Amino acid sequence: MGAVSEDRQTNPVERLLERKTDDAGIPLSRHATQYQRSLEAYFKAGDPPRWMTRLTEIENGIARERRRLESAYRALRAQDPPDFAERWRATAAGWRCDELNALIEQHNEWYPVERRLPVDLRTRDYVRVNGRSYRRPVLDAAWILEQFPAQRAAAR
């Protein structure tokens, strides 16, 4: 096996690759020319995907609301009012998480598309991610009462 002779003809692909250069005039490597150079590819490579940052924002937001709710729940429990359940239900009904709920709704709508989740033909829904649905529940009064029940504690 000898070296390729200098006088052999180059094929059209090799001639094209020889002419390709980046903006500085330096020839591109064969590896670099195999990938599409577009604005979309640039944005996709630069940062974590939007679904990933959105999930982090949602998880942090839920943890923050839980802390705030727990503080309010404990404060009301400490008062030990006879109408605790009624007052806690009113607190839960008036609790606002509009920005976080908008983010959760955006996640529920776009996550399967952004992750390119396959569809389970049996259920006609997107496949589960790590054994659970990708959908996140909105933080409403029902969610709050599930996390922090309105029933009075048993007699001490």
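Of note:
- The C-beta contact set for the stretch 126-137 (first residue more than 22 Å from residue 102 (Cβ to Cβ), second residue surrounded by 12 or more Cβ atoms within 10 Å (Cβ to Cβ), distance under 6 angstrom, 6+ apart or interchain) comprises 127/117.
- Positions within the stretch 106-117 being open to solvent by 60 Å² or more (accessible area, probe 1.4 Å) and touching a residue at least 40 places away in the same chain (Cβ under 8 Å), in sequence order: 106, 110, 114, 115
- Matching residues in the stretch 86-105 - criterion: being farther than 17 Å from residue 142 by Cβ and open to solvent by less than 70 Å² (accessible area, probe 1.4 Å): 102, 103
- Matching helices (runs of 4 or more DSSP H) fully within the stretch 1-119 where at least 3 residues are at pLDDT 95 or above: 50-79, 84-94, 98-115
- Candidates are the residues of the stretch 60-71 that are open to solvent by less than 70 Å² (accessible area, probe 1.4 Å) and small (Gly, Ala, Ser); the one that is nearest to the chain's Cα centre (by Cα) is 61.
- Total residues in the stretch 52-85 satisfying the condition of being over 16 Å from residue 143 (Cα atoms) and of a type in the set (Asp, Glu): the figure is 3.
- Residue within the stretch 142-151 that is at pLDDT below 95, among the hydrophobic types (A, V, I, L, M, F, W, C) and either part of a loop (DSSP other than H, G, I, E, B) or in contact with a Cys (Cβ under 7 Å, 6 or more places away or on another chain) (or both) present: yes
- For residue 74: the one exception among (1) basic (Lys, Arg); (2) without any contact (Cβ under 8 Å) to a residue 60 or more places away in the chain; (3) surrounded by 14 or more Cβ atoms within 10 Å (Cβ to Cβ): (3)
- Test for residue 83: is it open to solvent by 50 Å² or more (accessible area, probe 1.4 Å), free of Cβ contacts under 8 Å to residues at least 60 places away in the same chain and over 29 Å from the mean Cα position of the chain (by Cα): yes
- Some residue of the stretch 126-149 being more than 17 Å from residue 61 (Cβ to Cβ), open to solvent by 40 Å² or more (accessible area, probe 1.4 Å), among the hydrophobic types (A, V, I, L, M, F, W, C) and in contact with a strand residue (DSSP E or B) (Cβ under 6 Å, 6 or more places away or on another chain): yes
The values are calculated or read from the model by the stated rules, or taken from the named source; none is laboratory data. Since we're looking at a predicted model, the values are computed, not measured. Because the Cβ atoms are built from the backbone with ideal geometry, glycine has one as well, and the counts that use them run over all protein chains shown. All accessible areas refer to the heavy atoms of the entire protein, side chains included, with ligands and DNA or RNA removed. Shrake-Rupley method; radii C 1.70, N 1.55, O 1.52, S 1.80 Å.
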